[in-house]
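Derivation of every value follows stated rules applied to the coordinates shown; laboratory data play no part. Here the structure is a predicted model, which is why all the values come from computation and not from measurement. Counting neighbours? That spans all protein chains shown, and the Cβs are built from the backbone with ideal geometry, glycine included.
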Amino acid sequence: MEVFIEKEQRTISEQGNCTGAELLKKLGINATTILLVRNGEVILEEEHLDDSDTIQILSVVSGG
Amino acid sequence: MSQEIAQQEERLVYKAHGKAYTKAQFLHYYERKVFKTITKYNLIQKDDNVCIATSGGKDSITVLYLTAKYCKKHDIPFFALCIDEGIAHYRDHTVEDLKAFCTAHTIPHTIVSFKVRFGAALDEIREKAMQEYGKKPCTVCGILRRALLNRASRELKATKLVTGHNMDDEAQSLLMNLVLGNMRHNASLGPVTGINTSKHFTPRVKPLYFMNEKETRLYCLLKGFAVHFTECPNISHSFRAVVRDSLNDLELQHEGAKNGLINAFMEIMPLLKEKYRSDKQFTICTRCGEASAGAVCNVCRLQEELDLKIEEIHNGNT
């Protein structure tokens, strides 16, 4: 599963078969500060992620 | 409609306060709440000339779009005003996003720069400000940007200045002022900024006051606004970043914490504004004639310390 972390501008590989919330917890990312996008579609953190999914973790905190 | 598209339309995109929203439901919720804020707090009236302060980031693009939509519906004149502080790899990107957005949505806009109005970009003066005067970039930027927003909007004959401040911004300011023991500053917060009115200040209003950052980013994404993630490179120096992170940690553990803070503040806000309201006229800066907290305003102080050149707008000198 390819995961792009926008705030860090990097892409990592992670194992699927987990929920979005579990992925965020593993990466130490606060769910209130991001939007989760799976294969181009915004999803809730509770949705299931597969190995074949392309994930974007978009930061909602911006500006100064 | 294909089954795939139908599934996409039915997929939940946001959940809060015990409710879940599809894309269409969320967009409706967001717009309705912003327009309700405008009407409930009389932020914009029929005889206003509305200036929308816009940096090109997600909050100001959103407030620009929705304020323009509101103004067009009610036949109220409006325009966008962008302050270019001159922060490389940050402001240059957002200014380009803004220009493209305004062109696409036929929104009149003016860009006013630190470089032209003060003789120097923020990048050029931040080191001197920090090394010689111990002033953080955010302090310098805040003083000059606020002054320039006020002066430029006044020179362009605006009667209201709309900003994209959201619930997160307000909750952070509230906490920062509490920690610093400065309730007078909290009295200036609210959907309408300020305590006293003055001909020197264009009244500032905040249509996104009750919307949090996550909702605003989601709105931008679902509307397809080409807003790129950008964080000011100077943010790491700020107390605000510390408070922001603490608030987000609190929100994760106690959903609705930010809402609770703002709602509690709204209850006492009228009392605070009353307590700090004054019939006394603003002090006028002895150097530039602008409203000032003391004999010399903060902009003039910075002008002296950082050797800035203050230029007025003259027919396009922005």
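Under the rule of at least 5 residues apart or a separate chain, name every residue whose amide H is placed under 5 Å from the amide H of A:Thr19.
For A:Thr19, the qualifying residues are A:Leu49.
Once you place label points 7 Å from the Cα toward the Cβ at B:Leu178 and B:Gln131, how far apart are they in nm?
4.0
I'd like the Karplus ³J(HN,Hα) series for segment B:297-304: coefficients 6.51, -1.76, 1.60, θ = phi - 60°, whole numbers in Hz, and an x wherever there's a Gly or Pro.
These are the phi-based 3J(HN,Hα) values: 6, 4, 5, 5, 4, 5, 4, 5 Hz.
Restricting to the protein assembly as shown, what percent of DSSP beta bridges are antiparallel, rounded to 5?
50
Can you list residues whose amide H is under 5 Å from A:Val61's amide H, if they're 5+ apart or on another chain and H is modeled 1.01 Å from N?
none
Exactly which GluC sites (Glu not before Pro) in segment A:1-30 are in a DSSP loop and have at most 13 other Cβ atoms within 10 Å? Provide the component values of the computation, followed by the final result.
Values: sites: A:Glu2, A:Glu6, A:Glu8, A:Glu14, A:Glu22; in loops: A:Glu6, A:Glu8, A:Glu14.
Passing both the DSSP loop test and the Cβ count: A:Glu8.
Report the extension gain between B:Asp92 and B:Ala264 in nm, rounded to one decimal, defined as 0.36 nm multiplied by the number of residues separating them, less their alpha carbon distance. Working shown, then result.
On the way: separation 172, 0.36 × 172 = 61.92 nm, distance 3.80 nm.
Taking 0.36 nm per residue and subtracting the Cα distance, the gain is 58.1 nm.
Using the Karplus equation 6.51 cos²θ - 1.76 cosθ + 1.60 (θ = phi - 60°), what ³J(HN,Hα) coupling, rounded to whole Hz, does each residue of segment A:40-50 give in order, writing x for Gly and Pro?
Residue by residue, segment A:40-50 yields x, 10, 5, 10, 7, 5, 7, 6, 7, 10, 9 Hz.
For B:Asp84, B:Asp245, which order do you get if you count the other beta carbons within 10 Å of each Cβ and list the fewest first?
If I rank by nearby Cβ atoms, fewest first, I get B:Asp245, B:Asp84.
Test of the criteria: in segment B:1-84, which trypsin sites (Lys or Arg not before Pro) are in a DSSP loop and have at most 11 other Cβ atoms within 10 angstrom of their Cβ?
B:Lys46
Say a paramagnetic label sat at a point 7 Å from the Cα of B:Leu252, along Cα to Cβ; which residues of segment A:1-36 have their backbone N under 11 Å from it?
A:24-34
Calculated from DSSP H runs of 4 or more alone, at -39500 (n - 2.57) each and per residue, what is the 222 nm mean residue ellipticity of chain A, nearest 500?
-3500 deg cm²/dmol
Against the longest principal axis of chain B, how steep is helix B:239-253, in degrees 0 to 90 to the nearest 10, with axes from Cα atoms?
Helix B:239-253 sits roughly 20 degrees off the main axis of chain B.
Once phi is turned into θ = phi - 60°, what whole-Hz ³J(HN,Hα) does the Karplus curve with 6.51, -1.76 and 1.60 give for every residue of segment B:18-28, x standing for Gly and Pro?
x, 10, 10, 10, 7, 4, 4, 5, 5, 4, 5
Going by alpha carbons, how many degrees (0 to 90, nearest 10) lie between the helix axis of B:91-104 and the longest principal axis of chain B?
Orientation of helix B:91-104: about 60 degrees from the principal axis.
Can you put B:Ile268, B:Ile125 in order of Cβ neighbours within 10 angstrom, beginning with the fewest?
B:Ile268, B:Ile125
Output the 0 to 90 degree angle, nearest 10, between the alpha-carbon long axis of helix B:257-276 and the longest principal axis computed from the alpha carbons of chain B.
Here the helix axis deviates by roughly 40 degrees.
Out of all DSSP beta bridges with both ends in chain B, state the antiparallel percent to the nearest 5.
Of all bridge pairs located within chain B, approximately 35 percent are antiparallel.
Report the residues of segment B:61-84 in range of a label on B:Lys99: point 7 Å along Cα→C-beta, backbone N strictly under 18 Å from it.
Of the residues in segment B:61-84, B:61, B:80-84 have backbone N under 18 Å from the label point off B:Lys99.
Can you list the residues, at least 5 places off or on another chain, whose amide H is less than 5 Å from the amide H of B:Thr22, using H built in the peptide plane?
Here the answer is B:Val13, since their amide H atoms fall under 5 Å of that of B:Thr22.
Based only on Cα atoms, what mean projected area does the convex hull of the protein assembly as shown have, in nm²?
Dividing the Cα hull surface by four gives the mean projection, 20.3 nm².
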